[in-house]
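Notes to accompany the following structure.
The values are calculated or read from the model by the stated rules, or taken from the named source; none is laboratory data. All of these numbers come straight from a predicted model, not from anything done at the bench. When we count neighbours, we look across all protein chains shown, and the Cβ atoms used for this are built from the backbone with ideal geometry, even at glycine.
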Amino acid sequence: MTIISRRAALAGFGGLALANAPLRLSAATTLRVGYQKYGSLVLLKSRGLLEKKLAPLGVAVAWSEFPAGPQMLEALNAGAIHVGQAGEAPPIFAQAASPDFAYLASEPASPAGEAILVPKDSPLRSLAELKGKTVGLNKGSNVHFLLVRALESAGVAYGDIKPAFLPPADARAAFEKGAIDAWAIWDPFFAAAESAIGARPLATAQGLAPNYQFLLGSRAFAQANPAAIDALVAAVNETTEWTHSDTDAAAAALAPSTGIPAPVLKIALKRQNFGAGPLGAQTIADQQAIADAFFKLGLLPKAIVVADATLKPRA
């Protein structure tokens, strides 16, 4: 597991600026944070570090749990939360739905953390053999893009497979019953399937898709409350540094919320790269490629320009 140091880049986060930003909101007294059962934000919540960093600003924290990134970002666009964290795909749909949506920071790519799995006794040995097969996946998720790219790399048209759109729990059940031939999935579900049922990666995202994680928020809120966003990014980085230095403790902390054994979570954590900072040109380009692919597939209602939603540090 690698921590990407971004302290120099974060030095400019003190004065946040957004092109074409709406009118400023008044400074917040509560930061409303959305989180999922797995990831740096649930660890941040358990440690109470964000509350400590925001207390000198007179800002409290209210936490809301969501089952997945799409639901979280729907709440963000509706104004129910101010900030959250999700992978590559949900922000693309959120941007298409709201001009107030913004990327606050990104974590490095972690392509080893998602894969296309087959059962341990499957006869399938190559991506090309997916032609005509049924593949389970979460529609519009990071692994949807991974599947598209994997098929392209093998010379298989997307229309030549049978997608079965299922959330992780339902996909795992279908996978175990043999109702689907392959499963495109991310950690920690990837690690859990490897450990519990011997699922075999037909391919990981290495060389195919980046698999980023992003801190996301309201454009207007971020412009009005730059110190709160600075505190959030700093707290996330301190938490991920702790995760890197004591992976056993981090895995143990995540086990109750995920229902996945700590040793399995440790595998997943070791496949993830950490260190939140401003989005670089390559990250923006990678996100744009995903947005363009989803638009081409008819999954995205309109074309978007990812750079338009990128929060930029003031020079």
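Some notes on this structure:
Conditions (1) without any contact (Cβ under 8 Å) to a residue 40 or more places away in the chain; (2) within 25 Å of GLN213 (Cα to Cα); (3) surrounded by 24 or more Cβ atoms within 10 Å (Cβ to Cβ); (4) of a type outside the set (D, E, K, R), marked per residue:
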residue: ASP121; (1), (2), (3), (4): yes, no, no, no
residue: LEU124; (1), (2), (3), (4): no, no, no, yes
residue: THR134; (1), (2), (3), (4): no, no, no, yes
residue: LEU146; (1), (2), (3), (4): no, yes, yes, yes
residue: ARG149; (1), (2), (3), (4): no, yes, no, no
residue: ALA154; (1), (2), (3), (4): yes, no, no, yes
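Let's see how each residue does on (1) surrounded by fewer than 20 Cβ atoms within 10 Å (Cβ to Cβ); (2) more than 24 Å from TYR38 (Cα to Cα); (3) in contact with a Gly (Cβ under 7 Å, 6 or more places away or on another chain):
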residue	(1), (2), (3)
SER257	yes, no, no
PRO261	yes, no, no
LYS270	yes, no, no
ALA281	yes, yes, no
ILE290	no, no, no
LEU299	yes, yes, yes
LEU311	no, yes, no
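- Some residue of region 102-109 being outside any strand (DSSP E or B) and closer than 24 Å to ASP181 by Cα: no
- Among (1) within 30 Å of ALA196 (Cα to Cα); (2) buried (at least 22 other Cβ atoms within 10 Å of the Cβ) - the single one LEU232 does not satisfy: (1)
- Test: residue in region 186-196 that is of a type in the set (Ser, Thr, Tyr) and either surrounded by 18 or more Cβ atoms within 10 Å (Cβ to Cβ) or touching a Leu at 6+ places or on another chain (Cβ under 6 Å) (or both): no
- Selected residue (criterion: modelled with the lowest pLDDT) from residues of region 121-165 that are assigned to a loop (DSSP other than H, G, I, E, B) and under 18 Å from the mean Cα position of the chain (by Cα): GLY140
- Single condition GLY69 does not satisfy, out of (1) of a type outside the set (A, V, I, L, M); (2) in contact with a Gly (Cβ under 7 Å, 6 or more places away or on another chain); (3) surrounded by fewer than 20 Cβ atoms within 10 Å (Cβ to Cβ): (3)
- Residue count, region 110-120 (criterion: of a type in the set (D, E, K, R) and part of a loop (DSSP other than H, G, I, E, B)): 1
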